[in-house]
Amino acid sequence: DLAYPTLKIAIEYEGEHHLRDPEQWARDIRRHERLAELGWVVIRVTKRDVFAEPRAFVERVRRAIRSRAV
């Protein structure tokens, strides 16, 4: 959904519809596994992360960036 390709950081928004659709959920899991195999950090977020706890969400992204900034 959002990526920092040079840092290999992906942010995946997990909408509620993904949980209700078994095919979509399976695709999401496979995509996450492929990214991890390629060395990407994948940050998975939900509506709550973005709207109810945005500071914590931003901090998670910052930590990931710091971990990749060498």
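Laid out as a table, the results:
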quantity: Index of the failed condition, LEU2 passing every other in (1) among the hydrophobic types (A, V, I, L, M, F, W, C); (2) at pLDDT 95 or above; (3) in contact with a strand residue (DSSP E or B) (Cβ under 9 Å, 6 or more places away or on another chain); calculated: (2)
quantity: When residues of region 9-28 are limited to those that are out of contact with any Lys or Arg (no Cβ under 7 Å at 6 or more places or on another chain) and either part of a loop (DSSP other than H, G, I, E, B) or touching a residue at least 60 places away in the same chain (Cβ under 8 Å) (or both), the one nearest to TRP40 (Cα to Cα); calculated: GLY15
quantity: Residues (within 27 Å of ALA69 (Cα to Cα) and of a type outside the set (Val, Ile, Thr)) located in region 1-27; calculated: ASP1, LEU2, ALA3, TYR4, PRO5, LEU7, LYS8, ALA10, GLU12, TYR13, GLU14
quantity: Set ASP21, ASP28: member being at pLDDT below 95 and surrounded by fewer than 14 Cβ atoms within 10 Å (Cβ to Cβ); calculated: ASP21
quantity: Selection count where residues are more than 15 Å from ASP1 (Cα to Cα) and in contact (Cβ under 8 Å) with a residue 24 or more places away in the chain, scope region 29-70; calculated: 7
quantity: Any chance ILE43 is in contact with a Lys or Arg (Cβ under 6 Å, 6 or more places away or on another chain) and at pLDDT 95 or above; calculated: yes
quantity: Test for ALA64: is it surrounded by 13 or more Cβ atoms within 10 Å (Cβ to Cβ) and out of contact with any Asp or Glu (no Cβ under 9 Å at 6 or more places or on another chain); calculated: yes
quantity: Residue match in region 45-54 (condition: assigned to a strand (DSSP E or B) and surrounded by 15 or more Cβ atoms within 10 Å (Cβ to Cβ)); calculated: yes
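The values are calculated or read from the model by the stated rules, or taken from the named source; none is laboratory data. Source: prediction; values computed, not measured. All Cβ positions, glycine included, derive from the backbone under ideal geometry; neighbour counts span all protein chains shown.
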